[in-house]
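The values are calculated or read from the model by the stated rules, or taken from the named source; none is laboratory data. Just so we're clear, the structure is a prediction, and the values are computed from it rather than from any experiment. Ideal geometry is used to build each Cβ from the backbone, glycine not excepted, and the neighbour counts take in all protein chains shown. Remember, those area values only see protein heavy atoms, side chains included, never the ligands or the DNA or RNA. Shrake-Rupley method; radii C 1.70, N 1.55, O 1.52, S 1.80 Å.
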Amino acid sequence: MKKRLLILEDGTVFTGSAFGSERASQGEVVFTTGMTGYQETISDPSFYGQIVTLTYPLIGNYGINRDDFESITPAIRGFVVRELAKTPSNFRCDLTVDEYLTSKDIPGIEGIDTRKLTRIIRSKGSVKAILTAADEEVNVDEVVAKLQATPAITHHVREVSPKAAYPSPGRGKRVVLIDYGMKHGILRELNKRDCDVLVVPYNTSAEEILAWHPDGIMLSNGPGNPEDVVEGIETVRNLIGKVPMFGICLGHQIFSLASGARSFKLPFGHRGGNHPVKDLRTGRTDLTSQNHGYAIDTDSLKDTDLEITHIALNDGTCEGVRHKKYPIFTVQYHPEASPGPEDSNHLFDEFIEMMEVEAGKGKQHA
């Protein structure tokens, strides 16, 4: 196999074997701790612009199948593994990881010390890096200078949100799903509950959304800094108090910012399927699937109409809020899993119940 370099902005160089696309690629290097679910990870739009490192050492042993995608077009910039399985064994397998990434023009590197790379990210925070061929023409100092001079991406959501609205019909509650980079697992959970879903772009106005007379609004996950999604924050601010809402991950952050809270960048983010979260209302602890690089400042909630409902047991950060006056709740983690544990799947049922309660109130007033 051809040699490939992973060069970090601090000057660290990893040499490994190339797979996937032959092109060079630049992005932010992050790590995720899931032991399985690499297909969902590759296709999760929340990884837009990032070179994703898998901490589990053997990846690809069950291949790629037709059922486990979280989006049609993967948004990652690169894929980093310790060892890549060349001959996957699973009855659902259609492609190897190498074949799939090659078809999607995404480069990968294997055979490097992913534990060392993860320690660097944990100590220095997420870092910019480039994947490039290992040849004599590569000047590491020039590459590092280029990485350090490259500004951070600020248009994540614009790149992964749909350009036009589309329906996912059902005969139950009508839900408008604002797509900031939605994992399809969220849509699947709503469809399971027979919701009549209209998926709309991130910059859809509150007036357009309310014109559909939804029973509820879902705010999806997505990539990047929530402060960059100016249109989304304005839309949500104008929707508060009008209709029940449920937000996940970036949707949670956008709702919190629209309510007056503040966000901050985590040193290396929360990514993986084994993050414990405590529900402060019940005392219950769930293992959760997470993928985010930002969080809501708990202290900033004090001057808002929000109350914190969930905290991360690893670092105490905010993992969920609820509005004190209106039927709105959000969580930082992924109750739809995909991949990961399904401990929190009941939150979709709570959303359905919340819409039914509000619909009942409307009938009483009528």
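Before moving on, here are some points about what is shown:
- Here the calculated FRET efficiency for ARG284 and ASP94, from their Cβ-Cβ distance with R0 = 45 Å, stands at 0.70, rounded to the nearest 0.05.
- The residues of the chain present an accessible area of 43 Å² per residue when probed at 1.4 Å with all protein chains retained.
- Alpha-carbon gyration tensor eigenvalues x 5, square-rooted, for the chain, Å: 37, 22, 19
- Linear extension gain, ARG193 paired with ASN65, 0.36 nm per residue minus alpha-carbon span: 43.6 nm
- Whether region 156-365 is rounded, prolate or oblate, judged on the alpha carbon gyration tensor where a/c under 1.5 counts as rounded: rounded
- Cross-link check: pairs LYS302/LYS324; LYS128/LYS265; LYS2/LYS86; LYS242/LYS324; LYS242/LYS278; LYS183/LYS278 evaluated at a Cα-Cα cut-off of 19 Å; pairs beyond the cut-off: LYS242/LYS278; LYS183/LYS278.
- When you filter the GluC sites (Glu not before Pro) in region 117-184 for DSSP loop state and at most 16 other Cβ atoms inside 10 Å of their Cβ, you are left with GLU136, GLU137.
- Folded to 0 to 90 degrees: helix 114-124 orientation relative to the chain principal axis, Cα: 60
- Farthest toward the positive end of the dipole of the chain, out of ILE120, TYR48, ALA164, is the Cα of ILE120, where the dipole comes from beta carbon charges about the Cα centre.
- Solution diffusion estimate, µm²/s, Stokes-Einstein, region 169-224, Kirkwood Rh from C-alpha pairs, 10 °C, viscosity 1.306 mPa s: 140
- Taking the accessible area of the chain, probe 1.4 Å, and keeping the other protein chains in place, the carbon and sulfur fraction comes to 48%.
- Looking at region 1-48, the trypsin sites (Lys or Arg not before Pro) that sit in a DSSP loop and have at most 16 other Cβ atoms within 10 Å of their own Cβ are LYS2, ARG23.
- With contacts taken as Cα pairs under 8 Å at a separation of at least 6 residues, the chain carries a relative contact order of 15 percent.
- Mean separation of Cα contacts under 8 Å (6+ apart) over length of region 3-149, as relative contact order %: 37
- The phi-based Karplus calculation (6.51 cos²θ - 1.76 cosθ + 1.60; θ = phi - 60°) puts the 3J(HN,Hα) values of region 241-250 at x, 8, 7, x, 9, 9, x, 10, 6, 4 Hz, whole numbers, x for Gly and Pro.
- With Cα atoms, 0 to 90° folded angle of helix 140-149 axis to the chain main axis: 20
- The modelled label-to-label distance between GLU227 and ILE72, using points 7 Å beyond Cα along the C-beta direction, is 3.5 nm.
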